[in-house]
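Participant: Sharing a structure below in structure tokens format, with a few things to ask.
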Amino acid sequence: MKKIGSLAIVLGAAGLLWFWSSHSTDVRENRDGAEHGFFAMDTYFTVNAYGIGCEEAVLEAEEETKRLEQLLSVTVPESDLWRINHAHGQPVAVDGDTISVLTEAVAMGALTQGALDISVYPVLQAWGFTVSGEEEFQIPSEQKLRELLVSVDYQKVQIGETAVSVPDGMQIDLGAIAKGYTGDQLTELFRSRGITSALLNLGHNVQTIGERPDGTPWKIGVTDPFEPQEILGVVELTDKVVITSGNYERYFEKDGRRYCHILDPATGHPAQSGLVSVTVIGESGTYCDALSTAIFVMGREKGVSLWREQGDFELILVEEDGSVFITEGLRDCFLPESGHEVTEVLERVG
Ligand code: ADP
Ligand code: MG
């Protein structure tokens, strides 16, 4: 295998692990593949592609990711998001990608009845979840939360054909879905280059194209939320995305309680739905990334209702007491690690 750039796959931190032989030094076995690692969007990306043109494709993947980061990051000065947040209610001309991702984010806000709300950002900042490494965690007063929640309402984001505005005082952030959207753009890029086998490991998001080059399904590890260096189980799949939101990624603890970086927009507090991790498996990165965050907020009952209504994704849910629920579409492709078991397989007709 030809390696370009860093070889490291961030294992524990990645949240999802890939078991196949990307580390292999067996050049013969993997001579048609290229691997490229780079840091972007506050996480480590590893992209693997196989077949003709794979080397150019993995390098282009980095360029495309960095282009999207420059548009969608809330902290990069002059990004589209930054300009929208600093325009005091005025419309801001933005890139077509920004329009697309915001349109999807608002639609997912409606689908999840506001559990996903991209305007919760000022509340997130009040808890200290800002740029990683620079956090100053604190528990805001209820009064402060009430004041901030007045400006939280994704329905007030105005999206035109080429411009976007938010009311003065509102700030939006795409932390919940930007990586999923990026994964979809990279998938499109690879497909347009004729790549039929690839694996994108974008932090807690894994997106696959086709099968492994040997014609077998990809095997994607799902993190054990109680032991994030360990695996709960493996999902076998082809042409799908596997995206996890958990309470073990960014959090602080005070007086024995854990406060995580996913907020319930209804209360302004870190989500306390009883779930400790939500893995969503489906076709689209944007959709599944939005759902993993939203279902983490909604909890098992509402999440499962949404799964029954929508019928186009599958779930692995882990609750605080260690119970593991999977939806019936995963019955034959989720393999728990030894020491773990599935508590219940959820049926479509429940
Ligand atoms: P990760 O970024 O760890 O993969 P998620 O996809 O679940 O995890 O996104 C979490 C991020 O989404 C937070 O860091 C924050 O930027 C943003 N966020 C937190 N709560 C919400 C929410 N209820 N709706 C929309 N975005 C949220
Ligand atoms: Mg998400």
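The values are calculated or read from the model by the stated rules, or taken from the named source; none is laboratory data. Everything numeric here is computed off the predicted structure, so don't read it as measured data. Don't worry about glycine lacking a Cβ; one is built from the backbone with ideal geometry, like all the others, and counts go over all protein chains shown. Ligands, DNA and RNA are stripped out before the accessible areas are found, and what is left, the full protein with its side chains, is counted by its heavy atoms. Shrake-Rupley method; radii C 1.70, N 1.55, O 1.52, S 1.80 Å.
Participant: Being among the hydroxyl-bearing types (Ser, Thr, Tyr), within 14 Å of ligand 1 (Cβ to nearest atom) and closer than 16 Å to Gly246 by Cβ is the filter here; which residues of segment 276-333 pass it?
Facilitator: Ser277, Thr279, Ser292, Thr293
Participant: Okay, next question. Kindly indicate which of Val235, Val280, Val242 is away from ligand 2 (no atom under 13 Å from the Cβ), surrounded by 23 or more Cβ atoms within 10 Å (Cβ to Cβ) and modelled with pLDDT of 95 or more.
Facilitator: Unique residue meeting the criteria: Val235.
Participant: Identify the single condition in (1) modelled with pLDDT under 95; (2) open to solvent by 40 Å² or more (accessible area, probe 1.4 Å); (3) more than 16 Å from ligand 2 (Cβ to nearest atom) that Pro217 does not satisfy, given that it satisfies every other one.
Facilitator: It is condition (1) that Pro217 fails.
Participant: For Gly203, all conditions in the list (1) at negative phi; (2) at pLDDT below 95 hold save one; what is the number of the exception?
Facilitator: In the conditions (1) at negative phi; (2) at pLDDT below 95, Gly203 misses (1) alone.
Participant: Given (1) away from ligand 2 (no atom under 15 Å from the Cβ); (2) at pLDDT 95 or above; (3) not hydrophobic (A, V, I, L, M, F, W, C), identify the lone condition not met by Asp255.
Facilitator: Answer for Asp255: the failing condition is (2).
Participant: Tell me, please, whether a residue that is open to solvent by 30 Å² or more (accessible area, probe 1.4 Å) and in contact (Cβ under 8 Å) with a residue 40 or more places away in the chain can be found in segment 250-258.
Facilitator: yes
Participant: So, one more: Quick check on segment 145-181: of everything there that is among the acidic types (Asp, Glu), touching a residue at least 60 places away in the same chain (Cβ under 8 Å) and surrounded by fewer than 19 Cβ atoms within 10 Å (Cβ to Cβ), which residue is nearest to ligand 1 (Cβ to nearest atom)?
Facilitator: Asp168
Participant: Is segment 222-232 home to any residue that is under 20 Å from the mean Cα position of the chain (by Cα) and free of Cβ contacts under 8 Å to residues at least 24 places away in the same chain?
Facilitator: yes
Participant: Follow-up. Within segment 80-130, considering only helices (runs of 4 or more DSSP H) that don't extend past its boundaries, which have at least 1 residues that are over 20 Å from Val278 (Cα atoms), of a type in the set (Gly, Ala, Ser) and open to solvent by less than 20 Å² (accessible area, probe 1.4 Å)?
Facilitator: Those helices (runs of 4 or more DSSP H) span 121-126.
Participant: Sticking with this one: Taking Glu211 as meeting all but one of (1) at pLDDT 95 or above; (2) in contact with a helix residue (DSSP H, G or I) (Cβ under 7 Å, 6 or more places away or on another chain), write down the number of the exception.
Facilitator: Every listed condition holds for Glu211 apart from (2).
Participant: Looking at (1) of a type in the set (A, V, I, L, M, F, W, C); (2) within 14 Å of ligand 1 (Cβ to nearest atom); (3) open to solvent by 30 Å² or more (accessible area, probe 1.4 Å), which is the only condition Ile139 fails?
Facilitator: If we test Ile139 against (1) of a type in the set (A, V, I, L, M, F, W, C); (2) within 14 Å of ligand 1 (Cβ to nearest atom); (3) open to solvent by 30 Å² or more (accessible area, probe 1.4 Å), just (2) comes out false.
Participant: In segment 290-302, which residues are open to solvent by less than 10 Å² (accessible area, probe 1.4 Å) and within 13 Å of ligand 2 (Cβ to nearest atom)?
Facilitator: Matches in segment 290-302: Ala290, Leu291, Ser292, Ala294, Ile295, Phe296.
Quick grid of which residues meet (1) over 16 Å from Val123 (Cβ atoms); (2) at pLDDT 95 or above; (3) touching a strand residue (DSSP E or B) at 6+ places or on another chain (Cβ under 8 Å):
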site: Leu148; (1), (2), (3): no, yes, no
site: Gln155; (1), (2), (3): yes, yes, no
site: Ala163; (1), (2), (3): yes, yes, yes
site: Met170; (1), (2), (3): no, yes, no
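Participant: While we're here: Pull up segment 265-275, narrow it to residues that are at negative phi and buried (at least 19 other Cβ atoms within 10 Å of the Cβ), then point me to the one that is nearest to ligand 1 (Cβ to nearest atom).
Facilitator: Here the residue is Pro265.
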